[in-house]
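Down below is the structure, laid out as C-alpha cells.
What follows is calculated from the coordinates using simple rules that are stated; it is not laboratory data. The shown structure was predicted, so the numbers you read here are calculated from the model rather than taken from an experiment. With ideal geometry, Cβ positions are generated from the backbone for all residues, glycine too; neighbour counts draw on all protein chains shown.
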Amino acid sequence: MERQITAKSHKILFFNTFAFTVCFAAWMLNGVLVTFLAENQIFSWTPVQIGWLLGVPVLTGAVFRLPAGLLTDRFGGKPVFSILLFLSAFPMFLLSYADSYTAFILCSFGFGLTGASFAVGIAFTSVWYPRKWQGTALGIFGAGNLGAALTTLFAPTLLTALTQNGDNLDNWRQLPVLYALILLATGVLFLLFTDNKKPAVNNKTLAQMLAPLKKTRVWRFGLFYFLVFGCFVAFSQWLVPYYVNVYYLPLITAGLLASTFSLPAGIIRAAGGWMSDRWGANKVMRWVLGLSVITSLLLIVPKMEITSPGKGVMAKKSGIVTFVSDSLISVGNVSYSLILKGNHLDNADERVLIFPAKDVWQQPVVQVGDEVSKKQLLARGFTLIYFQATIWVFVGLVILLGSVWGIGSAAVYKFIPDFYPDEVGVVGGMVGVLGGLGGFFSPIIFGYLLEGIGVWTSCWMFILLLSAVCLIWLQKSTVDQQAAK
C-alpha cells in the first residue's frame, strides 16, 4: 500500500531537518574552534595534530552512520535521534574542560556522533513519504547541511565576543558549552514533539538487512556521495585555511566566505530533491558530475607569477659589438632593437584581472668590444606570466560547485528509495559512511597534495580526477542498464 502524506509527515520532516541542522553545526565545530586555538597559540599543536582534530569528528560520524541506520530501521527514528542528541551533548560539554591534545581528541570523537544523525534522519523521513515524494522530502531534510555554514558564519564572531576580542582567551570554553546546551534542548524537543514510525518490514535478521551491501550499485552510490557530500564537508573546513593562506584574509572574513560555499549548497539541496523527482536522479546526477568536472578544471590554475625564458636576440652575422644599451645592441653595422620591460603589471594585486597577463622583455648578455659569431645570443629573453586568481571569481566558482554538489547529494539519496525502498536505513547508512569517509580522508589527501606539489590548488586536481571517474562510471552503468532491457 502506497504511503500517504499527512500533516504529521510534514511535522516529522520539520523536526528531522531542524535536528540535523543542529547536529551538522556541532559536527563542524572543530573547523573554526581548532583554527582559533592554534592561531592564538592557546595550544601548541603541530599541523598533523590539527589535521587529526579536524578529521576525528568527521570519522566518528561516518563510521557510526551504518549502525545508526540499522537501529532506525529496527526501532524507528524518534528514540534513536533523541538518544543521539543526548549522547552527543555530553562530550561536547566536556570539551570545555579539555586541557590536552588527548582530551580534545576524545571529546571530538564523542561529539562526532552528531554526524551519524544523517543516516537516522534519512531513514526516519523516508518512512513518512510515498515514493514519488522521496526526492523532495529527502532533499528538504538534506538542507540541514547549512548547519556547516551556520558554524563557519557565526562561530568566529561568537569566539571574538566570548573572549572580549582576545583579551580573555580562556573564555573560548563557553562556546562548546553553548553548543552542548543547544544539542540537549533539541533532544528534548525531538522527544516531546515527534511520533515514532518504522518501515513496514522491520523484522529482518541482520544478515538480511545487510544483504544489499553486496550490490555494486550501492558502492557506486557511495562513491558519488564521497564526492558530492564528503568533499563538501571537507571544503567546509578546508576553505577557511585556504582563504587565510592564499588570499591572506583574517579568520572572521575567511569563515564568512567559507560559509558562502556551504550555505547555498544546503538550501539548494531541497531543489535537488525536487529536480530528481521531476527528471530522474540519473539525469540530474549526470549534469552534476559534468559541472563538477568543468568547475574543478577552472579552479586548478593557481594564483601565480612565473618568470620563464622567452624569445632572445641572436646575431645575424659575425662581428664586433660596438654599442650596448637596454634598448639597442649594435654589431658592426647591424643594429638589434630590444624589448624593454613594461610596467603594466606593477601594482597588479590592487586591480581585478580576470584573465592571465604577461610581460616580455630582453636583456643584453654581451658588452662593447665582444667578438660574436653568427647565431650567438646577444640578449636573453624573459616572459613573465601573472595570474591573479581573483578572489571574487574564485568565490563565485566555489559557490557554484557547492550548489552543484548540494543538488547531487539529493540526487544520490533519490536513487536509494527507488532501488531499496525497504532498506533505506541500511543502504542510506552505508552510502552515508562512504560520504563521511570522504569528509575525513579528503583533507588528509589535500594536505599531502599540498605538501608534495606545493600549490593550494592541488586539491582541485583531486576533485577533477574524482569527478571524472564518477561521471565515467555513471555513464557506463547507464549504458549497461539500457543494454539489459
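Structure above, values below:
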read-out: Partners for LYS375 among lysines (Cα-Cα distance below 21 Å; same-chain residues under 8 apart left out); value: LYS311, LYS316, LYS317
read-out: Between region 129-197 and region 22-101, the alpha-carbon center distance in angstrom; value: 12
read-out: Interchain or long-range residues, amide H under 5 Å from ASP370's placed H; value: VAL321
read-out: Sum of -39500 (n - 2.57) over DSSP H runs of 4+, divided by residues of the chain (222 nm, nearest 500); value: -21500 deg cm²/dmol
read-out: Against the rule of thumb 2.2 N^0.38 Å, how large the Cα Rg of region 102-258 comes out; value: 1.31
read-out: Degrees, to the nearest 10: 29-39 long Cα axis against longest axis of the chain; value: 40
read-out: Degrees between helix 147-162 axis and first principal axis of the chain (Cα, 0 to 90, nearest 10); value: 80
read-out: 0 to 90° range, to nearest 10: angle between helix 458-484 axis and the chain longest Cα axis; value: 60
read-out: Per-peptide average of other Cβ atoms within 10 Å, ordering 54-66, 131-143 highest first; value: 54-66, 131-143
read-out: Average projected area [Cα convex hull, the chain], square nanometres; value: 29.4
read-out: Flagged links, alpha-carbon separation over 19 Å, of LYS132/LYS414; LYS78/LYS197; LYS78/LYS214; value: LYS78/LYS214
